[in-house]
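To keep things clear, I will list the structure first and then write my remarks on it.
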Amino acid sequence: MKKLIVIYLALILSVNFLEPKAEAEIPVEDFTHAVFAEEFTATWCVYCPSAAENLMKVYDEIPNEPYYHDKFFFVALITDVNDKADERMGDYPDVTGYPTVVFDGNDEKVSGGQSDTSNYESAIDNVGQREDTDISLDVEMNHHGGDELELFVEMTWNEDASLGNPTFNGFVRAYIVEKESRYNNYDGDPYHFGFLDYAIETSVELEPHEKKMLYATWKGGEHEDSNGNDFSDIDYDNINIFVAFFNDESSTADKYVLETAFAIPPEFNVDVPEGLVGGDLEISGHAISKKSEIKKVHYRWDQGGWLDSGINTFNGDFTLDLDTRDLTNGGHELHIKVSDKGASKVQSMTIEVLNDDNPPSLQIISPQDGDTLENITIFEVEAIDDNQISKVEYKVNEGDWRKMYSSEGDLYIASWNTQEAGAGNGNHQIEFRAIDMSDNVITENIEISVLNQEDISYPYLRVNNPEEQIYNGRIEINVEASDPEGIEKVQFRVDNGTTWKDLELESNEIYVGMWTPTWDGWHWIDFMAVDNQGYQTFSNVRIETDSNPPILSLDSFTNDISAMAEFGLNVYDYSNLISLKYRINGGEWNELDQSQENVEFSWDSTKYEDGECLMEIECIDRWGSVSTLYRNLDVKNQGLIFTVPPSNVVTEDVITLTSIVDYEQPKAVNLIIAKMTEGILAEGQKIPMEKEGNYYTGEIFFENSGVYVYSIEVDTGHGKLKSIEQTLIVSEKQTIAAEEEPQSILPNIGLLPVISILLLIASRRRKL
């Protein structure tokens, strides 16, 4: 029995992997040019996804992976959906299978699926340090709106002519690609940099030190794929253009790439000002370019010419200072263009401009000039402006400005205690002012008399902080209080509580304290000043708080994960979120819907090896408060599929391969098999397997001998499970003498029941 188990383990582990080469060690600074790769692939190709993902690891800035900055680019030429991609493959007669990656016009070539990036790194290193003809290449891409692109390509031969070589002949291709392709690979994932069309495809002839310009416009709706679908639905943010200048020494194929340029639109956003603006206008924004730096920021009003902002070479935040004084009042379109090394991107917004030099009108309704007042009186004024009133205020004598509140229509009111400190009986000046949104000011004043029967002075009380706004974290309290008889105490309470808390005297007439909100939302804070005669003055302020970080929780969570794992995430925060995302094992962040409190998302665990994975969920609210949730995941996929390779397989016989699938009600189970020739896997075949009791079986007929690689694929309906790849040796059928008994080519029949029992005992369903 022990011997049988050892034999089985040897079979299950006999997987054929391509031997990786040594990792790249050539500094990218030593490259003579940017390396360009053409990935020939097809949507039905079983082993193409591994090539695509490893190419992307080389291209993208992924932790613990090789990265070539702006010295490596690639395009996925998907031949079964794009006729031009298929024609391009025909330019390379020695490219006969998928996947095949051609570097710099066939200077290097890597074929077959890849378990890591090492073969690609080696090819890039070899090509990148090649002695090269000195060709300069610059590209500029602009978006004309919709599906229309504009492209400029500038090139220069930076060498002198030689005898017999008075000119240089080359060939330029400008590949229009989608960063995230509309076409999916065999695993159901979008291709990276999927080819759509050529913006430019032409031969060029350069004189020594000659600068030549190529120009083209491309409209997506005028071009189609192999299925007759046009490209009118392109998303400019998803479009890249890679331009390659090829040597044109061969009539059948390009020998190598001399120079590569790229047009990758920058990513940027701006904060759109709200309401009416006038005079000086400040626009804040954020812009990054992943393969270069931001070179310029331009702007224009309406359909005017582009103006240089004076902002040069950066990556990150920027501020654009504008002057609206030369604009007419009303709505205007502001266009901001951010340009990097090869492309530009425009964002437009409507700005309501009101350049207003006229102050508001202000009429004092009560009291009237010369009135005698007592106790508590009401001030009432009318303020009108063609624009909008920003605020209306009053002050007594030389005191501080105090807020008046909008009452009805254009009326503003405020109450004043004539017995407050500093007033008292006698004559006083009351001054009013109105300020509009353009900071135009008008003031009016009156003289009044105060006559109270008893000379009673109530404390003076003014709240300096907090103001009526939203706060995050602890709140500093600062109030001013005074009285001729002296202040006994200054206190505050929150939300009409029963307990008043003392404020401490910090300096002359200034009282301070701290308050930490225990829950988020609106709060009333009442303040009370008491003088030594027991007279009280009250004031209050309404504030909003959001001091607690977001709360995250996962519904019905278990550690065991298989296939397409479904998660239910509960998110609570008082204010709006600015970010909600997750990642696995410190990899690339995946954005989630931050507008919902209950978020459902799925994760395809089949893209990761079995074993422990760490899921990290991060949530950030508008104040920058961060909450992070960590969960350990135990991925168990390959253990769900069990099979034993048959032995003694010969040609011209039908072999039945049996597999056990520990997954409830799969949509389909398929046998994927391909022949290995000189280390390269040929096109794979998909053979449906039929369910028979606890088993799935599939029949294979081998016409040719050789080494084959196969795996079992389970379509769960929302993802695909794959077994470990195993090798199968097929021999030529030998002529057997009539008197000899034919030997069985099926695996040991006694082994399968034993294995089945072991699996069924160990198997368990995994659900979230």
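Just so it is clear, none of the values below were taken in a lab; they were calculated from the coordinates. Every value quoted in this text rests on a predicted model; they were computed, and no experiment measured them. Counting neighbours? That spans all protein chains shown, and the Cβs are built from the backbone with ideal geometry, glycine included.
Structure data summary
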read-out	value
Unpartnered cysteines - no second Cys beta carbon under 4.7 Å - across the chain	C613, C619
Pairs from K71/K179; K71/K636; K607/K675; K212/K296 whose Cα-Cα separation, in the structure shown, is over 28 Å	K71/K636
Which labelled figure in (i) 63, 28, 23; (ii) 72, 39, 19; (iii) 53, 29, 27 is semi-axes √(5λ) of the Cα gyration tensor in Å, once derived from the coordinates	(ii)
5 angstrom amide H check on N445, placed H, neighbours 5+ away	F432
Separation of alpha-carbon centers, region 650-665 and region 36-57, rounded to whole Å	28
In sequence order, calculated HN-Hα J values of region 596-605 (Karplus, 6.51, -1.76, 1.60; Hz; x Gly/Pro)	10, 7, 10, 10, 10, 8, 10, 9, 7, 6
Förster-model FRET efficiency, 41 Å R0, I729 and A668, C-beta, rounded to 0.05	0.90
Protection proxy ranking of 611-617, 271-277, 429-435, 704-710 - average other beta-carbon atoms within 10 Å, highest first	429-435, 704-710, 611-617, 271-277
Distance between region 255-295 and region 346-407 - C-alpha centres, whole angstrom	41
Other-chain or far-sequence residues with amide H under 5 Å of D340's (modelled H)	K295
Phi to ³J(HN,Hα) by Karplus 6.51 cos²θ - 1.76 cosθ + 1.60 over region 464-481, Hz, x for Gly, Pro	8, 7, x, 9, 6, 7, 9, 10, 10, x, 5, 10, 7, 9, 9, 10, 10, 9
Inter-probe distance in nm under a simple model that places probes 7 Å from Cα toward Cβ, at E488 and E467	3.4
3J(HN,Hα) from dihedral phi, region 515-530, Karplus parametrisation 6.51/-1.76/1.60, rounded to Hz, x for glycine, proline	9, 10, x, 9, 8, 8, x, 8, 9, 9, 10, 9, 10, 9, 10, 10
Label-point separation in nm, M349 to Q453, each point 7 Å along Cα→Cβ	6.1
Segment E683-N184, length gained on full extension (0.36 nm per residue, minus Cα span)	177.9 nm
Extension gain (nm, one decimal) between K391 and S705, 0.36 nm per residue minus Cα-Cα	104.0 nm
E108 long-range amide H proximity, modeled H, under 5 Å	F103
Two-site label geometry, N694 and D271: point separation in nm, points 7 Å out along Cα→Cβ	6.5
Residues W401 and W522, FRET efficiency given R0 of 30 Å [Cβ-Cβ distance, rounded to 0.05]	0.70
Computed E for F538/I62 - FRET, C-beta separation, R0 45 angstrom, nearest 0.05	0.15
Under 14 Å from K341, Cα to Cα: aspartates and glutamates that are on another chain or at least 8 residues apart	D70, D138, E140, E154, E267, E293
